[in-house]
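Visitor: Please find one structure pasted underneath; my questions will follow.
The values are calculated or read from the model by the stated rules, or taken from the named source; none is laboratory data. Just so we're clear, the structure is a prediction, and the values are computed from it rather than from any experiment. FYI the Cβ positions are ideal-geometry reconstructions off the backbone, even for glycines, and counts take in every protein chain you see. Just so you know, the surface numbers come from the protein's heavy atoms only, side chains and all, with ligands and any DNA or RNA stripped out. Shrake-Rupley method; radii C 1.70, N 1.55, O 1.52, S 1.80 Å.
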Amino acid sequence: MTTLLKPLSWILGLLPRGLLFSASNALGDFAFYVVRFRRTQVLNNLKLALGSSKSDTELQIIARENYRHYGRILVQILLSLTWSDKDYRKWTRVEGGAELDTLIAEKNGGFLLTSHLGNWELAIQVASRYGLPVDVVVKRPRTPAAEKFLQWYRTRYGGGVLYEEGTARDILRSINSGRFAVFVLD
């Protein structure tokens, strides 16, 4: 799979960022309006969460923006497939670097909690690329192709993957070896 995706990544890297942003929004719109993948469930969940505080039109806009966000995440992941260290430093920002350096130097390991905001897959790459030893706790993907790609993507710079089922022992092993178990919270 990466044999096909890496040339695509290289080609995307040649395009202006504004064009990529527009294309990622169009991809999200296509998923929302045409493919309609889980659209009813998303709208129902928004209605449940926001109740009558938002009109149906406002809920549609929020849902569409969510799909556009996923389009941007996909394009960012594709772009990052061929990034060098220089590209990671150019296109990402790490805040709290001194605290991270301290954590890395202490080699104690621990828990890191984050949320499903921004591009959480790319965040794991950035943490690994900057030298933070992380093992992310995730659900197992539903398809073998997705699992194979995500396993490769998440581990290619030293990150580890801990699958949700039966992870207590793996989490303790990770922390005791000086790594950080990362939980991406919903």
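Visitor: Which helices of the chain meet both criteria: a Cα extent of 30 Å or more along the helical axis and a mean Kyte-Doolittle score no lower than -0.5, with helices taken as whole DSSP H segments? Walk me through the numbers on the way to the answer.
Guide: Values: long enough: 56-80 (36 Å, -0.12).
Taking the DSSP H segments of the chain (at least 30 Å long, mean hydropathy at least -0.5), we get 56-80.
Visitor: Expressed as a whole percent, how much of the Cα-Cα distance distribution for segment 2-103 exceeds 17 Å?
Guide: Details: 3289 of 5151 pairs.
Above the 17 Å cut-off, segment 2-103 has 64 percent of its Cα pairs.
Visitor: Still on this structure: Roughly speaking, what is the centre-to-centre gap between segment 170-186 and segment 1-71 when only Cα atoms are used, to the nearest Å?
Guide: 31
Visitor: Further question on the same structure: Once the convex hull of the C-alpha atoms of the chain is built, how many Å³ does it hold per residue, rounded to a whole number? Could you put the intermediate results ahead of the total?
Guide: Details: hull volume 27.7 nm³, N = 186.
Normalising the Cα hull of the chain by residue number yields 149 Å³.
Visitor: Taking a temperature of 10 °C and a viscosity of 1.306 mPa s, what whole-number D in µm²/s does Stokes-Einstein yield for segment 101-186 with Rh from Kirkwood over alpha carbon pairs? Could you put the intermediate results ahead of the total?
Guide: Working: Rh = 13.1 Å.
Estimated diffusion coefficient is 122 µm²/s.
Visitor: A further question follows. What relative contact order, as a whole-number percentage, does segment 85-182 give when Cα pairs under 8 Å and 6 or more residues apart are counted?
Guide: 39
Visitor: Here's a follow-up. Heavy atoms only, probe 1.4 angstrom, no DNA, RNA or ligands counted: give me R39, R140 ranked by accessible area, highest first.
Guide: On the way: R39 30, R140 110 Å².
So, going from the largest accessible area down, we get R140, R39.
Visitor: Right, next: Using DSSP loop states and a limit of at most 11 other Cβ atoms within 10 Å to flag GluC sites (Glu not before Pro), what is the longest stretch of the chain containing no flagged site? Mind showing how you got there, number by number?
Guide: Working: sites that count: E95, E164, E165.
Counting only loop sites that pass the neighbour cut-off, the longest clear stretch is 1-94.
Visitor: Another question about this same structure. For the chain, what's the relative contact order in percent, using C-alpha pairs closer than 8 Å and at least 6 residues apart?
Guide: Details: 201 pairs, mean separation 44.0, N = 186.
For the chain, the relative contact order is 24 percent.
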